1. Just wondering, is there one or more residues in the stretch A:167-174 that are part of a helix (DSSP H, G or I), open to solvent by less than 10 Å² (accessible area, probe 1.4 Å) and either within 14 Å of chain B (Cβ to nearest Cβ) or modelled with pLDDT under 90 (or both)?
2. Name the pairs: first residue in the stretch A:269-290 and touching a residue at least 40 places away in the same chain (Cβ under 8 Å), second residue of a type in the set (Phe, Trp, Tyr) and assigned to a strand (DSSP E or B), Cβ to Cβ under 9 Å, at least 6 apart or on different chains?
3. So which of A:Ala28, A:Ala40 is surrounded by fewer than 17 Cβ atoms within 10 Å (Cβ to Cβ), in contact with a strand residue (DSSP E or B) (Cβ under 9 Å, 6 or more places away or on another chain) and modelled with pLDDT of 95 or more?
4. Among the residues of the stretch B:57-67, is any within 14 Å of another protein chain (Cβ to nearest Cβ) and open to solvent by 50 Å² or more (accessible area, probe 1.4 Å)?
5. Take the stretch A:179-223 and flag every residue that is over 30 Å from A:Glu37 (Cα atoms) and of a type in the set (Gly, Ala, Ser).
6. Would you mind finding the one in A:Asp95, A:Asp112 that is open to solvent by less than 30 Å² (accessible area, probe 1.4 Å) and out of contact with any Ser or Thr (no Cβ under 8 Å at 6 or more places or on another chain)?
7. Restrict the check to the stretch B:296-314 and report whether at least one residue is among the aromatic types (Phe, Trp, Tyr) and touching a residue at least 60 places away in the same chain (Cβ under 8 Å).
Number of protein chains: 2
Amino acid sequence: MTDEPPLFEMTTNPSPLAGRSPDPGLDAVESWFRSQENLAARFGQVFRKSIDEVLDGQRTARFDLYIKEGEGRVEKTEKTYLGTKVEIVTRAEFDLGHGSPMDYVICGQHVDAKFTMGKSWTIPKEADGHICLVMRADDRTETFQVGLLRITPDVLNNGLNGDQKRGTSAASRSGTRWIVEHGELPENFLLRLRDRSPEKVEAIFRASDGYRGRGNGGQLRVNELFRQVTGRLVDRTTVVTVATQHDSPKRVRDARKHLRKSGIVILGYRRPDPDIAADLGLPIPDQGTWVSARLSVVDDDSPRKATLINGIRYALWSAGDEPVVAPTIKHAKSEA
Amino acid sequence: MTDEPPLFEMTTNPSPLAGRSPDPGLDAVESWFRSQENLAARFGQVFRKSIDEVLDGQRTARFDLYIKEGEGRVEKTEKTYLGTKVEIVTRAEFDLGHGSPMDYVICGQHVDAKFTMGKSWTIPKEADGHICLVMRADDRTETFQVGLLRITPDVLNNGLNGDQKRGTSAASRSGTRWIVEHGELPENFLLRLRDRSPEKVEAIFRASDGYRGRGNGGQLRVNELFRQVTGRLVDRTTVVTVATQHDSPKRVRDARKHLRKSGIVILGYRRPDPDIAADLGLPIPDQGTWVSARLSVVDDDSPRKATLINGIRYALWSAGDEPVVAPTIKHAKSEA
């Protein structure tokens, strides 16, 4: 033992490397990733963005990556491309250099990006001996994993598929150095809603039945979205997927007008909306998110959580309350 | 001969169908497309958007679909996916119904979308007997074609590739009913610039050499873009590709400050910018486009095209003019 400094600096969250065969290259890449700020949250966004871009909800109304047949299906070419998109978004997010033939160069090591929606990764022959950044995301369970794996014969299955690519073996699991082992994938709002309340998703997408074209139909669906899902943050991806249009702020502004008669307000990120949301105990909308709420007028001495809008006191509607027309909330600027 | 009305109404641009074997299904689909407003321009945008989304310039700085090696390469999976993206964007643009197993249903006919960057289309077995919407775009020649082809043995090559797909034959060309035969693909600004002035593209992308990270580097490249390319409309895709960042208006606003000392203004769509552009004989910027210009101060009696900014008379700079600091132009709102 000497007093020499360690070869690779472990700036944050050093992982126990004891008991593993020495692999300074892998150590270096692992340390590099662990030194990145907000590592797990950034990878979560990498997968969320990649999946949402491939679903292309604003054009296709799709929100479920796992549909294989019918109108909402995701083609095999799209799933293959999802891996390429993840590689691109990861490179941009972490400003990674280009390698050849591997995808990235990190700390002088050639690293290949490998993404799977399933359980194992497909490894091309060229990756033999190299490090793979193995990534997995599951939109249904809202989980993801990111790890590093040195490709040696013992981490691969023998089976070759047509492309001369091999799958990772069960043994690869213990050989993988997890950078994020239990990642929480940011929620896919509509997928989650369909799991919990399929009738609501059906009502939203049926709201435009009988309408031709996308214009009016999209507005009717967005109205129904904010009518069905009160008290929860709704993100931009959800609005454009429901609208099948890209101008989500405009659809939300118009939905405000349509839902006034039903006593529903849609709160955005502009003042005073976040204050109203806070007063009412609702989640606070940030830029690109909205929360709708049905309101009632309450007395000054009501013990219910309440907020003042245009001089009138409002609480969240509850059964038995008098129906009211929702107030028009003035914002600093006209945008939603 | 009877006086019955024609089976399918040819609302605009009827094509001469004489001399062809009767195919009422194909006639119907052809008529439907020909009745769409701005057909050629809309298809042009379909291909422009699809190519730009696959290039993903804001993350990859790529603008050339045809690079096969090195950092700027476009992977085979991306080119395959381009066909899927074209199918999706076409469906959204023309609000086409879903078919099975073909992509679309148009006038009750099952129609498959087939896109190629090359010269022939690859046709799957399932398309036999069906109509294909054959589409082709070439970003280098700025051309595209869209046609309809009934898949019969005589329009196919015999050769089968691994996927049991056959290519269209030379004979297919005469059998194709062109909907848009000589389409002009909207320009890929950077690709065109590199063709004409490769040294300018090099100067733009080298402007950030020596800088680490994307923040400052992107701004330096955007500054150089507007310094190198004066007097031409620059679109949003170009700015985000050069910046490798998505907030193009912010980069343009900052470039304005950086380029003042060089006497360069960047005009956008907000008043009074379009008026200034018109006064100076520059192309008029619309939303999402900008035009830069180097200015000189000129006398009131100068015969040169000039514009008044903050009470001072400016013309386009020409050799021999005194260098000036560019004026700050006040806009109605702060956005670029």
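The values are calculated or read from the model by the stated rules, or taken from the named source; none is laboratory data. Remember, it's a predicted structure, so these values are computed and weren't measured experimentally. Note: ideal-geometry Cβ built from the backbone for every residue, glycine included; neighbour counts use all protein chains shown. Each accessible area value is taken on the protein alone, full model and side chains, heavy atoms only, with ligands, DNA and RNA left out. Shrake-Rupley method; radii C 1.70, N 1.55, O 1.52, S 1.80 Å.
1. Scanning the stretch A:167-174, I find at least one residue that is part of a helix (DSSP H, G or I), open to solvent by less than 10 Å² (accessible area, probe 1.4 Å) and either within 14 Å of chain B (Cβ to nearest Cβ) or modelled with pLDDT under 90 (or both), so the answer is yes.
2. Taking only residues 6 or more apart or on different chains, the pairs are A:Asp273/A:Trp290; A:Ile276/A:Tyr314.
3. A:Ala40
4. Scanning the stretch B:57-67 turns up at least one residue that is within 14 Å of another protein chain (Cβ to nearest Cβ) and open to solvent by 50 Å² or more (accessible area, probe 1.4 Å).
5. A:Ser197, A:Ala203, A:Ala207, A:Ser208, A:Gly210, A:Gly213, A:Gly215, A:Gly217, A:Gly218
6. Testing whether each residue is open to solvent by less than 30 Å² (accessible area, probe 1.4 Å) and out of contact with any Ser or Thr (no Cβ under 8 Å at 6 or more places or on another chain) leaves just A:Asp112.
7. The answer is no; no qualifying residue exists.
Residues are listed down the side, and each one gets a yes or a no for (1) among the acidic types (Asp, Glu); (2) within 14 Å of another protein chain (Cβ to nearest Cβ); (3) assigned to a strand (DSSP E or B); (4) open to solvent by less than 20 Å² (accessible area, probe 1.4 Å):
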{"site": "A:Arg73", "(1), (2), (3), (4)": "no, yes, no, no"}
{"site": "A:Glu87", "(1), (2), (3), (4)": "yes, yes, no, no"}
{"site": "A:Thr90", "(1), (2), (3), (4)": "no, yes, no, yes"}
{"site": "A:Pro101", "(1), (2), (3), (4)": "no, yes, no, no"}
{"site": "A:Gly129", "(1), (2), (3), (4)": "no, no, no, no"}
{"site": "A:Met135", "(1), (2), (3), (4)": "no, no, yes, yes"}
{"site": "A:Thr141", "(1), (2), (3), (4)": "no, no, no, no"}
{"site": "A:Leu149", "(1), (2), (3), (4)": "no, no, yes, yes"}
